[in-house]
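Let me begin by presenting the structure, written as C-alpha cells, before commenting on it.
The values are calculated or read from the model by the stated rules, or taken from the named source; none is laboratory data. Predicted model only: the values in this text are computed from it and were never measured. With ideal geometry, Cβ positions are generated from the backbone for all residues, glycine too; neighbour counts draw on all protein chains shown.
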Amino acid sequence: MSANIFIEFVINVLSMGSLYALIALGLVFVYGICNLVNFAYGEFITVSAYVLYFVGTFTDLPWWLVFLIAIGSGALTGFLSELIAFRPFRGRSLDALLVTSFAVSIILQRSFQLGISPRSRAVPVPDFFNINVSLLGVVTPLRNMLLIGTTIILLIAVLILMRRTSLGIAMRGASENFVTARLMGVPANLVISIAFVISGILAGVVAIFWSARTGSVEPMMGSGPLLIGFISVVIGGMQSLVGAVVGGYVYAFIANMLSLTLPSSLLSFRDAIMFVIVIAFLVLKPEGLIRGKYQEERVG
C-alpha cells in the first residue's frame, strides 16, 4: 500500500467513523437511561434533513443559522417524541416502549410521504462543503475535515457534560441504576427528556453531514443511519458511550478495509459480509468491545 493510499484510507476511516460514531452515540444515550433501542432515531435525522432542505431552499438565512435551526429541530423532535409518545408508556413493559418506537418511526415516515413527497428532494449545502483541500498530498473534500473536527468538539462537550456537571452525574447515576438514582432524588422525567434532547441534537448534526454526502433527503432516509448505528453499537457495546464511539470507528475501518481488499466482483457482497461480522460479535462477544456498567432496571 502506497503512502497516498494509506493516508486516503485513514482520512476515509476517520471521516466515516466520526459520522457513524455520532449516530451510535445518539442511540446509546437513550438506551443507557431507558434500556430502549429507539427505532425512531432514524426519523429524528430525517426531520432535521427536511428542515435543512426547506430552510436552506426557501430562505436567505446564513448557513450557520440554517444549521442551528436543523439541529434545534432534531432536539425538539426528540423532546416531543419522549413527551407525547414514550412517557405515557414508561411505566409499562419494555416491549410496549419498543412497539412505541416502531409506531413513531412509521408515523413520521408516512407523514413525510403524504405531507411532503415520496420522492427525494435535493438538499442545498454551502459551497465550502464541496471545496477540495490537500492533506499530506491527498485531496479530500473539506466537509470530511469539518466532520472530524465537529465530532471531536462534540465528544469533548459530551465528556465535560457527563463528568463535570450535576446533570451529567445524574445521568450517569441513572444509567447505572435508574431505580436507586430516583430514590436519591434524581428527577426521572428531566433525565430522560435530556437524554432524548441530546440524541436529537446528535441526529441534527448527523443530518447535516449525511445530507452533504448524499445530496438529498427522502422519507426513508433514516433507515440507513439507523442500521449503521445499530451495527456500530453491537460492535462497540450497547451499554457504553465510549463503546458506541469505538464501534462507529471500527465499523468504518472494517467497511473501508473490505472496499480496499475485496475484488471488484465481490464488492456487492460487502454489506452481507458486514452482517456476518455482526452476527459473530453477537455470538462471541454479545456485550461488545467495551462492557458498560448499566444494570437491567430502567424506565420506572
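Below, the figures for the structure above:
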item: Of all residues making up region 96-131, the number that are touching a Leu at 6+ places or on another chain (Cβ under 7 Å) and of a type in the set (S, T, N, Q); result: 1
item: Qualifying position, being over 16 Å from F196 (Cα atoms) and among the hydroxyl-bearing types (S, T, Y), among S134, S101; result: S134
item: Members of region 14-63 that are under 13 Å from S223 (Cα atoms) and either surrounded by fewer than 24 Cβ atoms within 10 Å (Cβ to Cβ) or not hydrophobic (A, V, I, L, M, F, W, C) (or both); result: N38, F39, Y41, G42, E43, T46
item: Every residue from region 23-61 that is of a type in the set (G, A, S) and in a helix (DSSP H, G or I); result: A24, G26, G32, G42, S48, A49, G56
item: Which numbered condition I106 fails, given (1) surrounded by 12 or more Cβ atoms within 10 Å (Cβ to Cβ); (2) out of contact with any Phe, Trp or Tyr (no Cβ under 7 Å at 6 or more places or on another chain); (3) of a type outside the set (S, T, N, Q); (4) at pLDDT below 90; result: (4)
item: Residue check for L267: surrounded by fewer than 22 Cβ atoms within 10 Å (Cβ to Cβ) and free of Cβ contacts under 8 Å to residues at least 60 places away in the same chain; result: yes
item: Extreme residue, surrounded by the most Cβ atoms within 10 Å (Cβ to Cβ), among residues of region 131-146 that are without any contact (Cβ under 8 Å) to a residue 24 or more places away in the chain and not aliphatic (A, V, I, L, M); result: P141
item: Search result, residues across region 283-300 that are closer than 30 Å to L262 by Cα, modelled with pLDDT under 80 and either surrounded by 13 or more Cβ atoms within 10 Å (Cβ to Cβ) or among the small types (G, A, S) (or both); result: E287, G288
item: Some residue of region 6-18 being modelled with pLDDT under 90 and in contact with a Cys (Cβ under 8 Å, 6 or more places away or on another chain); result: no
item: Test: residue in region 257-269 that is in contact with a helix residue (DSSP H, G or I) (Cβ under 7 Å, 6 or more places away or on another chain) and β-branched (V, I, T); result: no
item: Neighbours by Cβ (under 9 Å, 6+ apart or cross-chain): first from region 147-168, under 19 Å from A203 (Cβ atoms) and in a helix (DSSP H, G or I); second at pLDDT below 85 and not aliphatic (A, V, I, L, M); result: V158/G168; L161/G168; M162/G168; M162/R172
item: Meets criteria (closer than 30 Å to Q113 by Cα and in a helix (DSSP H, G or I)) for I198; result: yes
